[in-house]
Every structure is written in C-alpha cells, then in structure tokens.
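Structure record follows, encoded as structure tokens.
The values are calculated or read from the model by the stated rules, or taken from the named source; none is laboratory data. Keep in mind the model is a prediction, meaning the values are calculated, not measured. Reconstructed Cβ throughout: ideal geometry from the backbone, glycine too, with neighbour counts over all protein chains shown. These accessible areas exclude ligands, DNA and RNA; they are computed on the full protein's heavy atoms, side chains included. Shrake-Rupley method; radii C 1.70, N 1.55, O 1.52, S 1.80 Å.
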Amino acid sequence: QPSLVVAVDGTSGSGKSSTSRGVADRLGLRYLDTGAMFRAITWWLLREGIDVRDVAAVAAAADRPRLASGTDPLEPTITIDGVDVSVEIRGEEVTAAVSPVSAVPEVRARLLDLQREVIGAGGIVVEGRDIGSVVWPQAEVKVYLSADPDARAIRRTAEQGGTDVATTQQSLLERDRIDSGRATAPLTMADGAVHVDSTHLTLDEVIETIVALAAQAR
Ligand code: C5P
C-alpha cells in the first residue's frame, strides 16, 4: 500500500524515534521526525539571538528560516537554510527551549504546512506529538507510544552516555507538561490510536507490534 501513513505520537523519551525508524525500515517506507523540525527552528532562534520566551518575537520569526527534512529512515537529516543541523539540535540548550517554542501557534502553523507537504503521497512513518490528532488524522495506523517515567529516564540517560537519571527525568517530564498543556495541538491520544506501552517491551517487540498493525490496515 504505497499511500500508507503510520502516525507515532507519544511522550518524550518513549522510544518514538528508534521505533518509527525501525518500522519504516522494515516496511520500506519513508520516515519523518517532526520533533527535529521544531528543534531546528529552536536552534535557529537561539543562533539569531531571539529570546525564545518572547512569544511575539518567536511568532514574527517563524517564517524566516528555510527548512528541509531528509526522509531516509537509516539516515534522517534536517537542514536549515541549507545547513545540516542533525547533530546540533540534540544539544541541551535546544532541548530546554524547544517546548516553549513549539507552543507558539505561528511556529506550529508554519511547520504544519511543511509536514503535510512531506507526508503528501504517503508511504511514510511520521513521529511527533500531534500527528494522529491534527497533522494527519486520516493516517491508516495511529499509535500512542508511552512508557513509565523511570524507564524513559533510564533509557534516555544511557543513550546520552550520562549517569544523572533524575535530571534527565525532570527534563522529560517538564517537556511533557508543556507539550500536553499548550492550547494549540497539545500532546494527546488521538481518536482511533492504539496505545502501546513500551515499559516492558524490547525495541524489536514494539516494532513488531506496529508492523502487525500496519499489516492489518492493508
Ligand atoms: O520528538 P522530540 O522530543 O525531538 O520533540 C522535541 C519537541 O518538539 C517536543 O518536546 C515538542 O515540544 C515539540 N514537538 C511538537 N509537535 C510535534 C513534534 C515535536 O510540539 N509533532
């Protein structure tokens, strides 16, 4: 089914990226990381010296940078004004600023258009917070991925090669709080979404679960 769209939403650190890339690779689909787009805008605002807490300034700047997403699940990329910032957007400064920036409606409106353009003809796994609810409610497969805060913090800390699980957990929960509480397109379980709790599942088991859902949707 070349038009298949798989939407994977969920909390921070629930394993959306590894899972979505794995599913796309298994099914021969493209992959779009919408979180990377919000991170890239945030990185650009910080570089421009724009105060990310100044909603009016962020709103006014939202249309300025040129963004492009590479959709190969084995090597996803994000470029802003032609510069690949795939590595830079994972830094602590961006992570701390991205949720307030993502709550600004003008930022969401700008990225919504770009996201719908990329999703277009389908054949893609899309991960984010509002894909099944707002960006592409007609997705054939919708997943809401979650995991216990402890499991998420331990996994994310290990991923980053760190040791401070408590600080990592605080940062994940703070992002969840802002992402779930914002007025525009908050994180929520979309109508028709299947809830997958990955706390006691391996990555391969989560991927298998979603591949099976996609097979049913065909
Ligand atoms: O997925 P990731 O953790 O990289 O996303 C970073 C941030 O981008 C989220 O915490 C959220 O604030 C924002 N985001 C969003 N809507 C999406 C994807 C990400 O608001 N669809």
Among the numbered criteria (1) touching a Gly at 6+ places or on another chain (Cβ under 6 Å); (2) farther than 10 Å from SER12 by Cβ, which one does ARG156 miss? (2)
Give the residues of the range 62-90 that are closer than 21 Å to GLU106 by Cβ, charged (D, E, K, R) and touching a residue at least 24 places away in the same chain (Cβ under 8 Å), sorted by residue number. ASP63, ASP81
With the requirement that a residue be more than 10 Å from the ligand (Cβ to nearest atom), of a type in the set (A, V, I, L, M, F, W, C) and within 29 Å of VAL55 (Cβ to Cβ), what does the range 151-191 give you? LEU173, ALA183, MET189, ALA190
One residue from LEU173, LEU201, LEU145 being at pLDDT 95 or above, over 18 Å from the mean Cα position of the chain (by Cα) and at negative phi: LEU201
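Quick one: in the range 29-40, which of the residues that are in contact (Cβ under 8 Å) with a residue 60 or more places away in the chain and open to solvent by 10 Å² or more (accessible area, probe 1.4 Å) is farthest from ARG66 (Cα to Cα)? Can you show your working first?
Looking only at the range 29-40, we keep the residues that are in contact (Cβ under 8 Å) with a residue 60 or more places away in the chain, and these are 29-35, 37-38.
If we keep only those that are open to solvent by 10 Å² or more (accessible area, probe 1.4 Å) too, we end up with 29-30, 33, 35, 38.
Working: LEU29: 25, ARG30: 21, ASP33: 17, GLY35: 16, PHE38: 13 Å.
Among those residues, the one meeting the criterion is LEU29.
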VAL194 fails exactly one of (1) within 16 Å of the ligand (Cβ to nearest atom); (2) touching a helix residue (DSSP H, G or I) at 6+ places or on another chain (Cβ under 8 Å); (3) open to solvent by 50 Å² or more (accessible area, probe 1.4 Å); (4) not polar (S, T, N, Q), namely (1)
